[in-house]
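Please read the structure below before turning to the comments.
The values are calculated or read from the model by the stated rules, or taken from the named source; none is laboratory data. Owing to the predicted nature of the structure, the values given are computational and were not obtained by experimental measurement. Heads up, the Cβs are rebuilt from the backbone with ideal geometry, glycines too, and the neighbour counts pull from every protein chain shown. Please note that ligands, DNA and RNA were not included when accessible areas were found on the heavy atoms of the full protein model with its side chains. Shrake-Rupley method; radii C 1.70, N 1.55, O 1.52, S 1.80 Å.
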There are 2 protein chains.
Amino acid sequence: MSTTPSMVVLIERKKRGEALTASELQWICHGYLEGEIPDYQVAAWLMAVRWRGMTGAETLALTDALVGSGRTLEWPADQPVVDKHSTGGVGDKTSIVLVPLLAAAGITFVKMSGRGLGHTGGTIDKLEAIPGLETDLDLDRLRRQVERIGCALVSQNQSLAPADGALYALRDVTATVDSEPLIASSVMSKKLAAGARAIVLDVKFGRGAFMANEEEAEALAATMVAIGKGAGRKVRAVLSPMDEPLGQAVGNALEVREAIDVLHGGGPADVRELTLVLGSHLMVLIGCAATLGDARSALAQLLGSGVGAAKLEELIQVQGGDSRVVADPDLLPPAPHVEVFESPQDGWLERVDARLIAQAALELGAGRRRKGDAVDPRTGVRLVVKGGRRIAAGEPLAEMHAASEDASRAALETLSQAFRWSDCPVHPFPQAHRIIEG
Amino acid sequence: MSTTPSMVVLIERKKRGEALTASELQWICHGYLEGEIPDYQVAAWLMAVRWRGMTGAETLALTDALVGSGRTLEWPADQPVVDKHSTGGVGDKTSIVLVPLLAAAGITFVKMSGRGLGHTGGTIDKLEAIPGLETDLDLDRLRRQVERIGCALVSQNQSLAPADGALYALRDVTATVDSEPLIASSVMSKKLAAGARAIVLDVKFGRGAFMANEEEAEALAATMVAIGKGAGRKVRAVLSPMDEPLGQAVGNALEVREAIDVLHGGGPADVRELTLVLGSHLMVLIGCAATLGDARSALAQLLGSGVGAAKLEELIQVQGGDSRVVADPDLLPPAPHVEVFESPQDGWLERVDARLIAQAALELGAGRRRKGDAVDPRTGVRLVVKGGRRIAAGEPLAEMHAASEDASRAALETLSQAFRWSDCPVHPFPQAHRIIEG
């Protein structure tokens with residue numbers, strides 16, 4: 001245990017609140033990845049980072065070290081690539097709308113996504129509800145696809161920022177996930193390695209987000225924007241509330257269907273709005289629109305025209321999936337048992353709690369109780385109403401999409417608790433977005 | 001990595017500053033020792049403990065869990081055992097004086113000791129300067145020896161509090177040694193497992209100690225006393241300054257010789273004084289003296305009578321060593337090269353810096369540069385003077401006991417820096433001891 005004397009010195013310094021240098025952080029990332037620094041020392045360092053934080057320069061240097069641990073993608077200068085990241089929410093299917101929509105507007109969009117994490121959903125789980133769709137593309141295939149159709153929605157590639165993957169796995173089992181510099185450097189290392197010129201970050205806060213309050217979300221957003229700018233990228237963060245689920249569908253096939261609805265010009269207003277906000281910032285950042293207003297009009301028009309839906313069809317086809325689902329969402333796998341949950345009372349529905357809806361969807365099979373569990377793409381919750389209005393007893397509140405009647409019954413209690421009633425008149429939850437430009 | 005979900009929850013709770021329960025701490029100690037909880041999770045927990053500390057109840061519970069991880073010794077009710085612990089100093093040979101002295105007074109003394117740690121010396125290294133002496137006794141032999149001669153000076157037995165050994169090894173490489181509850185529970189678990197009825201703790205502070213200031217030392221002392229009382233033992237802590245080395249000898253054979261001098265009624269005043277202070281507290285705690293004054297007179301008389309020296313002879317003989325060294329310390333291994341370091345100047349010698357003397361002794365071969373190194377028992381520094389008096393140029397300040405002339409020359413610079421001069425008249429360093437009774 002005494003063969004790595006310098007790591008104990010670095011842990012000691014971090015423990016005392018000192019900043020490590022760029023070359024020290026590089027040494028840690030490289031040494032851990034190569035198995036030269038044992039995981040128990042890295043774990044102690046991670047907890048010291050969770051305790052003491054990192055300076056801005058240190059966070060940038062860690063991000064650099066993570067990027068430098070693997071391959072990086074470069075895209076032709078005449079084909080700048082955009083990217084987007086969400087810190088995780090409930091019912092967030094925005095990527096499935098935004099990627100084909102911007103590609104239809106001529107903007108190259110390469111989006112690498114993950115699976116569900118904790119109570120939040122993951123774009124890869126959602127996409128896998130589409131029969132046959134492959135998301136695990138090697139870099140050559142990815143490059144050819146992007147050349148051909150201008151977009152991709154794929155899994156995080158393991159050869160990009162591999163030290164981040166290794167550190168994340170260790171953070172997950174050592175209660176060191178919730179560190180702002182570690183979150184920021186982890187997210188941004190993957191984005192930077194994937195080579196995007198412009199990046200929009202959707203940083204969520206509230207009951208259904210990882211960050212409960214807006215201040216924390218804002219601090220994280222500012223750190224991530226600073227990292228991106230430090231690396232010469234155009235970055236903006238959008239702070240978006242996540243108290244109620246986004247849209248009405250929570251569950252993989254249900255969310256894909258809702259994303260398709262939005263691409264056909266329909267779908268819930270909040271999904272549409274967040275798509276337009278994130279998309280117009282990307283258009284301005286990449287120089288394809290002079291103002292946010294111009295960008296928004298252009299995108300709204302595209303949403304009405306169906307070209308985004310056509311691009312999604314193309315993407316599904318190229319990635320080996322059944323692209324007919326875009327024209328006929330009934331081809332998505334249906335749940336065997338659908339049950340309507342009716343309001344037990346007259347009253348003011350204040351809010352539909354995002355975290356409890358996520359929990360109910362998980363109980364129905366849409367999420368994972370533990371890592372490595374399979375998800376049932378057919379299941380989930382579709383809200384019929386959202387908070388902010390008067391409800392009559394017996395009015396349908398939600399549909400439970402379940403594998404069986406028993407499964408549906410088991411999730412009923414959680415689902416019913418998700419509806420928060422008020423004695424006073426209520427209003428719809430505000431959907432204001434704040435922009436962090438660094 | 002996902003097979004131990006509850007450990008990540010316990011790390012998370014400690015990270016948030018919550019106290020773990022006794023059964024949770026037991027589960028951690030047992031699980032780590034059995035290899036069921038991986039070291040990276042234990043490392044993260046240790047750093048969280050270093051960050052958040054522990055409540056008093058939690059520290060007691062951890063100590064209990066450490067004790068419960070292995071065997072415990074029990075001694076006959078009519079033969080209560082005393083024990084002593086020092087937090088580590090420079091030139092501290094007190095145990096080698098105190099154990100035979102108290103045994104000569106009829107008090108059973110079972111002392112388990114360690115090797116040198118960092119810049120501080122260890123009683124086991126010192127004892128091994130006595131030709132043939134064995135310190136690694138199994139528990140049966142230890143018990144028989146204690147029955148026969150009433151005392152033992154041996155190595156820490158690995159079957160007592162084994163989880164402490166495992167945790168300590170991990171703390172050492174994860175920069176989590178310097179945590180008060182972890183230090184206190186580690187020390188006290190070994191003392192409690194060894195079955196002593198009364199324990200005196202010598203908690204040192206100053207340049208040559210692990211704790212730089214008295215406040216920290218006092219806090220640690222209070223925590224250790226509380227643990228001991230919580231376990232139903234009689235415990236007192238003595239806060240003792242450690243700015244200058246204790247006594248004049250620093251180095252293994254040199255220190256044994258000095259301990260023998262004290263047992264013969266001579267030796268340096270500060271070693272004699274600390275022996276009388278610690279010993280009289282033990283006598284009062286164990287009920288062999290009504291007052292500290294009575295105890296002190298009895299012990300002072302014994303020091304003059306030579307019965308302590310005779311008991312040390314007996315101890316050495318039973319433990320297989322050459323007991324003739326007590327009557328003839330010249331039989332201890334001599335250094336091949338002894339060189340006198342003379343004062344380069346007239347002036348007021350303010351202080352002899354304990355840490356630099358320890359460093360010089362280490363450079364002469366008396367300590368370890370890294371774990372597992374052998375020590376050269378012959379080498380070290382013998383101070384001719386201590387701080388607090390006027391010195392003339394050319395006056396001998398210290399002897400360097402070295403393996404060779406080269407080795408002596410190599411340590412000269414460090415040695416010379418250890419002598420701190422003042423422009424103003426100076427006084428001897430105070431040796432006041434404060435008592436913490438909890």
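Over 30 Å between Cα atoms: which of A:Lys14/A:Lys84; B:Lys93/B:Lys229; A:Lys84/A:Lys371 fall into that group? Each step should come with its number before you reach the end.
Values: A:Lys14/A:Lys84 32 Å; B:Lys93/B:Lys229 27 Å; A:Lys84/A:Lys371 25 Å.
Violating the 30 Å limit, Cα to Cα: A:Lys14/A:Lys84.
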| task | Quote the charge dipole size of the stretch A:81-326 about the Cα centre in Debye, to the nearest 20; the model charges only the Cβ of Lys and Arg (+1) and of Asp and Glu (-1). | result | 760 debye
| Charge dipole magnitude, Cβ of K and R +1, D and E -1 - the protein assembly as shown, Cα centre, debye nearest 20 | 480 debye
| field | In Hz, Karplus ³J(HN,Hα) per residue of the stretch B:37-52 (6.51, -1.76, 1.60; θ = phi - 60°; x = Gly, Pro) | value | 10, x, 5, 5, 6, 5, 4, 5, 5, 4, 5, 5, 5, 4, 6, 8
| For B:Gly53, label point 7 Å along C-beta direction: distances to other copies, nm | 2.2
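What shape does the stretch A:129-200 have by the C-alpha gyration tensor, where a ≥ b ≥ c are the square roots of the eigenvalues, rounded means a/c under 1.5, and otherwise prolate means a/b greater than b/c and oblate the rest? Kindly include the intermediate steps, with their values, before the conclusion.
Values: a/c = 2.43, a/b = 1.74, b/c = 1.39.
The shape class here is prolate.
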| said: Ordered shortest first, which distances in nm separate the 7 Å Cα→C-beta label point of B:Glu18 from those of the other copies? | reply: 3.5
| Which distance in nm do the two modelled labels at B:Arg16 and A:Arg409 give, with both placed 7 Å along the Cα-to-Cβ direction? | 3.4 nm
| Hey, for B:Ser305 with labels 7 Å out along Cα-Cβ, what do the inter-copy distances come to in nm, ordered shortest first? | 10.9
| remark: Comparing B:Leu20, B:Leu73, B:Leu220 in a Gaussian network model of chain B (Cα, 10 Å), the one with the largest mean-square fluctuation is B:Leu73
| said: Starting from the Kirkwood Rh over alpha-carbon pairs, what translational D in µm² s⁻¹ does the stretch A:7-53 have by Stokes-Einstein at 37 °C and 0.692 mPa s? | reply: 313 µm²/s
| remark: In a Gaussian network model of chain A with springs linking alpha carbons closer than 10 Å, the residue among A:Asp138, A:Asp376, A:Asp78 that fluctuates most is A:Asp78
| Between B and A, buried accessible area summed over both sides at probe 1.4 Å, in Å² to the nearest 100? | 2100 Å²
| message | Can you order the peptides B:191-203, A:334-346 by their average number of other Cβ atoms within 10 Å per residue, highest first? | response | B:191-203, A:334-346
| query | Taking the Cα-to-Cβ direction at B:Ala290 and at B:Arg434 and moving 7 Å from each Cα, how far apart do the two end points lie in nm? | reply | 3.1 nm
| message | Whole angstrom only: what separates the Cα centroid of the stretch A:219-245 from the Cα centroid of the stretch B:420-438? | response | 57 Å
| Cα centre as origin, Lys/Arg/Asp/Glu Cβ charges: the stretch A:7-53 dipole, Debye | 340 debye
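Given a 1.4 Å probe and heavy atoms of the protein chains only, how would you sort B:Val81, A:Val67, largest accessible area at the top?
Numbers: B:Val81 0, A:Val67 25 Å².
I get A:Val67, B:Val81, largest accessible area first.
Quote the relative contact order of chain B in percent (integer), defining contacts as alpha-carbon pairs under 8 Å separated by 6+ residues. Could the numbers behind the result be given before it?
Details: 936 pairs, mean separation 78.3, N = 438.
Normalised by residue count, the contact order of chain B is 18 percent.
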| note | Residue by residue through the stretch B:13-30, the couplings from Karplus 6.51 cos²θ - 1.76 cosθ + 1.60 with θ = phi - 60°, in Hz, x for Gly and Pro, are 5, 5, 4, 7, x, 7, 8, 8, 8, 4, 6, 5, 5, 4, 4, 5, 4, 5
| note | Counting other chain Cβ atoms within 10 Å of each Cβ in B:171-182 and taking the mean gives 5
| message | Checking the cross-link filter: which aspartates and glutamates have an alpha carbon closer than 13 Å to that of B:Lys126, excluding same-chain neighbours under 8 positions apart? | response | B:Asp92, B:Glu134, B:Glu255, B:Glu258, B:Asp376
| Average partner chain C-beta neighbours within 10 Å, per residue of A:46-53? | 5
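If you rank B:Lys190, B:Lys15 by how much accessible surface each has, with a 1.4 Å probe, what is the order from largest down?
On the way: B:Lys190 55, B:Lys15 0 Å².
My answer, sorted largest first, is B:Lys190, B:Lys15.
Report the full-extension gain for the segment A:Lys229 to A:Lys371: residue separation times 0.36 nm, less the Cα-Cα distance, to one decimal in nm.
Details: separation 142, 0.36 × 142 = 51.12 nm, distance 3.40 nm.
Extending this stretch completely gives an extra 47.7 nm.
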| request: With unit charges on the beta carbon (Lys/Arg positive, Asp/Glu negative), name the residue among B:Thr59, B:Val173, B:Ser95 whose Cα is farthest towards the positive pole of the charge dipole of chain B. | output: B:Thr59
| Label point 7 Å beyond Cα of B:Glu34 along Cβ direction - residues of the stretch B:46-81 with amide nitrogen under 17 Å | B:65-71
| field | Choice from A:Leu127, A:Leu102, A:Leu25 showing the highest fluctuation, given a GNM over chain A with Cα pairs closer than 10 Å | value | A:Leu25
| field | Shielding by other protein chains, B:12-21, mean Cβ within 10 Å | value | 2
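Using packing as a proxy for protection, rank A:33-46, B:250-263 so that the peptide with the highest average count of other Cβ atoms within 10 Å comes first.
Averaged packing, sorted descending, gives the order B:250-263, A:33-46.
Before anything else, pin down the relative contact order of the stretch A:361-420: Cα pairs under 8 Å, at least 6 apart, normalised by residue count, whole percent. Before the final figure, lay out each step's value.
Numbers: 69 pairs, mean separation 20.4, N = 60.
For the stretch A:361-420, the relative contact order is 34 percent.
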| query | Using the Cβ atoms and a cut-off under 10 Å, what net charge is assigned to the surroundings of A:Ser159, where Lys and Arg are +1 and Asp and Glu are -1? | reply | 0
| If the viscosity is 1.002 mPa s and the temperature 20 °C, what Stokes-Einstein diffusion coefficient in µm²/s follows for chain B when Rh is the Kirkwood radius over Cα pairs? | 96 µm²/s
